[in-house]
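To start, I am sharing the structure in question, which I have written as structure tokens.
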């Protein structure tokens, strides 16, 4: 019996047996993207359902993050201006927690742990949004947060060569304060390139921030089609 034929008793088409059912809320284009591009398609998959209030709320949040990104990336990484920002006040306790968590793994990891945890925490939450909740927009916001964390670290890295930034100890690295990146870059024989690494962290962090915003925008554009006429 040809694969295209249906069962005379039950009417099932054999060619469709075992294939996942397609939701009426999803267009053929959306399925084509998921099936042809695998993980890439999943990264841009919107939520199955969302009401108008949640949709517009997320759009507003995305716009605010875009404006905030402009200011955060615009801070001069050479003088640590971002340390006076609201975002730095959020990231500093996370940074200090990282030192405590990683001190069990030796001195090097204790010094690295602050910066590492500052990056891993938002990224890990983003992975949880993607894997556990299939909320790609939430994941995009967390990736944005990861990029901001790297931008926030850039002045600290840059400062290691000629330390001038005031640390939470009330001293600078030049005065013997516990400067993570003086220790780390010395250990890696990279202290002379501290300013290069700081500038690179600033640029890469900015790229991650704006890439995450583009990701979030594309997800919301696809999400709009799920709302139908209620968005018009």
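Please tell me if residue 184 is assigned to a helix (DSSP H, G or I), in contact (Cβ under 8 Å) with a residue 60 or more places away in the chain and either closer than 30 Å to residue 52 by Cα or touching a strand residue (DSSP E or B) at 6+ places or on another chain (Cβ under 7 Å) (or both).
Taking the combined requirement at face value, the residue does not satisfy it.
Right, something else. For segment 162-176: of the residues being in contact (Cβ under 8 Å) with a residue 12 or more places away in the chain and either within 22 Å of residue 93 (Cβ to Cβ) or within 23 Å of the chain's Cα centre (by Cα) (or both), which is surrounded by the fewest Cβ atoms within 10 Å (Cβ to Cβ)?
168
Condition first: surrounded by fewer than 16 Cβ atoms within 10 Å (Cβ to Cβ) and either under 21 Å from residue 207 (Cβ atoms) or modelled with pLDDT under 95 (or both). Now tell me which residues in segment 127-161 satisfy that.
Applying the first criterion (surrounded by fewer than 16 Cβ atoms within 10 Å (Cβ to Cβ)) to segment 127-161 yields 127-128, 131-134.
The answer is 127, 131, 132, 133, 134.
Now for a different question. So is residue 79 more than 18 Å from the chain's Cα centre (by Cα), closer than 26 Å to residue 122 by Cβ, surrounded by 11 or more Cβ atoms within 10 Å (Cβ to Cβ) and modelled with pLDDT under 95 or not?
Considered against the rule, which asks whether it is more than 18 Å from the chain's Cα centre (by Cα), closer than 26 Å to residue 122 by Cβ, surrounded by 11 or more Cβ atoms within 10 Å (Cβ to Cβ) and modelled with pLDDT under 95, residue 79 comes out as yes.
Since residue 195 meets every condition but one in (1) assigned to a helix (DSSP H, G or I); (2) more than 25 Å from residue 137 (Cβ to Cβ); (3) at pLDDT below 95, which condition does it not meet?
Of everything listed in (1) assigned to a helix (DSSP H, G or I); (2) more than 25 Å from residue 137 (Cβ to Cβ); (3) at pLDDT below 95, residue 195 misses just condition (3).
The values are calculated or read from the model by the stated rules, or taken from the named source; none is laboratory data. It should be emphasised that the depicted structure is a prediction, and the values quoted were computed from it without experimental measurement. FYI the Cβ positions are ideal-geometry reconstructions off the backbone, even for glycines, and counts take in every protein chain you see.
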